[in-house]
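The values are calculated or read from the model by the stated rules, or taken from the named source; none is laboratory data. These figures come from a predicted structure and were not determined experimentally. Please note: Cβ atoms are built from the backbone with ideal geometry, for glycine as well, and neighbour counts cover all protein chains shown. When the accessible area is computed, the model is the full protein with side chains, heavy atoms only, and any ligands, DNA or RNA have been set aside. Shrake-Rupley method; radii C 1.70, N 1.55, O 1.52, S 1.80 Å.
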Amino acid sequence: MKLRRLSVMLILALCLTLVPVTVFAASAAVTLNPVTSVEQGKSVTVSGTSTLNEVIIQILRPDQAGTVFYDITKVVDGTFSSTFTFPRTEPAGTYKVAAGQGNQVDTKDLVVTAAVIPPGPTEPEIPGTITPPVTPPVTPPVVNPPGPVIIGPVGPQAPVETGKPVTPPQTKAPVVTVDPSKFVVSQTTGADGRITNIVTVDDAALAAALAKAAGQDNQGDAPIISVSFNNKPGESVKFNLSASVLAAAAKAAPDIIISLQSNDGEYSLPVRLIDLAALAQKLGAAQADISIQVLIATANADINARIKASAQGISASQIGSAMEYFVFAEGNGQTFEINSFGTTYVERSIIAAIPDGATSTVVLYDPATGEFSFVPALFVKQADGTYKITFKRNGNSIYTVLSAPKTFADVEKHWAKADIELLASKLVVNGVTNTTFVPNKDITRAEFAALLVRSLGLTADAAAVSFKDVKSTDWFAGSVGAAVKAKLVEGFIDNSFKPNAPITREQMAVMVARAISAAGKQMETSSSSAALSVFKDQASISSWAKSAVSQAVEAQIINGVTDKTFVPAANASRAQATVMLKRLLQFADFIN
C-alpha cells in the first residue's frame, strides 16, 4: 500500500502518541524474523513474534522519504505475518521494515533487487484457462471461421466510413502513432456472418513507436502509443502484437501504455501487465513466438437482446450497444485468455449518445446469470453532444451503458436524497424494498463490506473467507471474501468477522482508507495528529484506527458528527454509508 509517508522516527513517535506505554506489560515484545530479499514485483512476507494483540507493519524507502507498505496485522498464538507484492515502480535498494506498537518496535532490512523481466499482475500464475488450439479463440464473439481472407499490408488508412474513433486517454504526454502502412490485415467470418479484422502490427514499427514514446519528454505522464484501425459497422477488430516487443518496451519504460483503437472502442493496455515468462510457461512456447491479441467488438444481436430483457427487469434501459473486450496470449497452437490484471485497473473508452437528463452508468453484464454489476466510469461531454465514457476494471468482459433512474419514497425529504438516488441509479446501493431505502437504519459490517466491493468493481470470492462466523452459504460470503482478498477488511483476534454487527464510524474509516489504496489513489503526506486536532474527542479514537480516520478526514470522505467531535464508536447509518461511498468514488475518480 502507498498510504502514508513517514520516517522511522515519526513511526515511533506516532505509535507512542496513539498507544500509552502503560498499556503494555513489561514482558510485551516484538521480534521480526529476517526478511528474505525480494525482486521488484514479487511478493514479500513480513513475519515475527509478539505478545501484543496486533502490530503495525511499515516498510520505508531507503532514503526514509516515505512509506511503501502499511498494514495493521493481528497477532495469533504469538505470531504475526503479512504478505504483499512489492511495487514494480519502487527502485532497487535496502528498505527498512518496522513492526510493533508504542515503545515495542523491531526493525529489519529488506533488500530489493531489480526485476529480471517485467512482472505481470500475479506471480507466477496468470488467471485464465488454456483451451485447445482454436483459431480464433472460442470465447464470444469470436467463432471458428471458414478461413482467413488475406487483405495484406494496408496503406494510409482511408477516411472513416461510419462510426467515431475514440481518442487515447487524457494525457499530457505526446501520443506516438504506429505507422498504419505497416499493418497486415486479414479477415475471418464467423458462423453468424460477423466479420473480424485481424490487424497484425509489424514488429519493427511497433518497437520504433514504443522507443520514441519512452525516449521523449512525456511531461510527467506515462509514455503512450496509439494503434488504430478504421473498421466498418458491425465488424470486430482483433489487434495482434508481438509479446516480446511489448516486454522489451516494458523493461525500458515500465509505465508505458499502448492505446488500441477501433471505431467502436478503445483499450488502454499497460504493457507491464504482460508477463512473458509466465505466458511462455503456460503455453509451452518460446517467448519470441508468443503474440498478444486484444479484441474489441460490439456485442451481437442475441447478447444485446438479452441485455435489454434483463434491463427491463430492473426498470432500466440500455443505451447503445454492448461492447466486448478480451485479451489473449497465443503460442504453440494454444490460446490463453488473460482475464484478470490483479490490482491494476485497465481503462477502456467508448463514445455514446446519451439522452439529456439521463442518469447513466457502465455495468458489467454476466451472460450466465443475466445480472449487472457496477463498473467505475467517468462521463465527459464532447463538443458534438456525445459523451466519451472511460471505464476501468481489473478484468475483461461484456460491458454496456444503462440508464437506471431510481428513487425511494422515504428519502424524498432526507438530507442524503441526492447521493442515495445517484448510487442507486448506478447500481451501487439497493433499497430495502423497491420503494423504501430506510436511510436511518444502522448498516452492518457485512453490508458495508459488500458495498465497498461493489463500488470497486471487484469479483466476489467466497473461497477467500476463513472467518468462523461466515459460512459459504451466507449472502455476503462472496463479498467478504473479495474484501479480504483486496485487504479491505480483517477479522477480530478470535478469527470472527462479526458480519451482522453494526459498523462503527472508525471501523468504516479503516475500510475506506484501505479502499483508497486498493483504487490506486495516493494521498499527500501529513500528520494524523494534525488532521484530527479539530476533534475534541480525538483521544477516544482507537490507536489502530487513527491513521485511517485521518486519511478519510483529509480526503473529505468522512466528516465529524459535529465540527468538534468525530464520535468514533457511533454506529453508521445506511444514509451515512452511502454518502461516504459517493465521496470515495469521486475521490478515486471512479464516478463524476
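A few notes on this one:
- Accessible area of the stretch 460-533 divided out per residue, in Å², using a probe of 1.4 angstrom: 43
- Compactness of the stretch 280-356 as Cα Rg over 2.2 N^0.38 Å, two decimals: 1.51
- You can think of it this way: the chain between THR369 and VAL184 has 62.7 nm of extra reach, that is 0.36 nm per residue less the Cα-Cα gap.
- Global geometry of the stretch 515-592, whether rounded, prolate or oblate, following the gyration tensor of its Cα atoms and the 1.5 cut on a/c: oblate
- Whether the stretch 380-441 is rounded, prolate or oblate, judged on the alpha carbon gyration tensor where a/c under 1.5 counts as rounded: prolate
- Charge tally around VAL465: other residues with Cβ under 15 Å, Lys/Arg +1 each, Asp/Glu -1 each, net +2.
- Accessible solvent surface per residue of the stretch 191-271, calculated while the other protein chains remain in place, 1.4 angstrom probe, Å²: 32
- The heavy atoms of LEU364 offer some 20 square angstrom of accessible surface to a 1.4 angstrom probe.
- FRET E, pair ASP203, PHE492, Förster distance 45 Å, beta-carbon r, rounded to 0.05: 0.25
- Pairwise label distance in nanometres, ALA358 with ASP589, each label 7 Å out on the Cα-Cβ vector: 2.6
- Spin-label pair THR31-LYS564: with each label point 7 Å from Cα along the Cα-Cβ axis, the two points sit 4.9 nm from one another.
- Theoretical FRET efficiency, 1/(1+(r/R0)^6), r = Cβ-Cβ of SER533 and GLN556, R0 22 Å, to 0.05: 0.85
- With a Förster radius of 41 Å applied to the beta-carbon distance between LYS308 and LYS471, the computed FRET efficiency rounds to 0.70.
- Of all aspartates and glutamates in the structure, the ones whose alpha carbon falls short of 18 Å from that of LYS441, not counting any fewer than 8 places away in one chain, are ASP410, GLU412, ASP419, GLU421, GLU506.
- Spin-label model distance (nm) - ASN440 vs ALA501, 7 Å beyond Cα toward Cβ: 2.6
- Under 20 Å from the Cα of LYS471 - aspartates and glutamates, other chains or at least 8 residues apart: GLU447, ASP461, GLU490, ASP494
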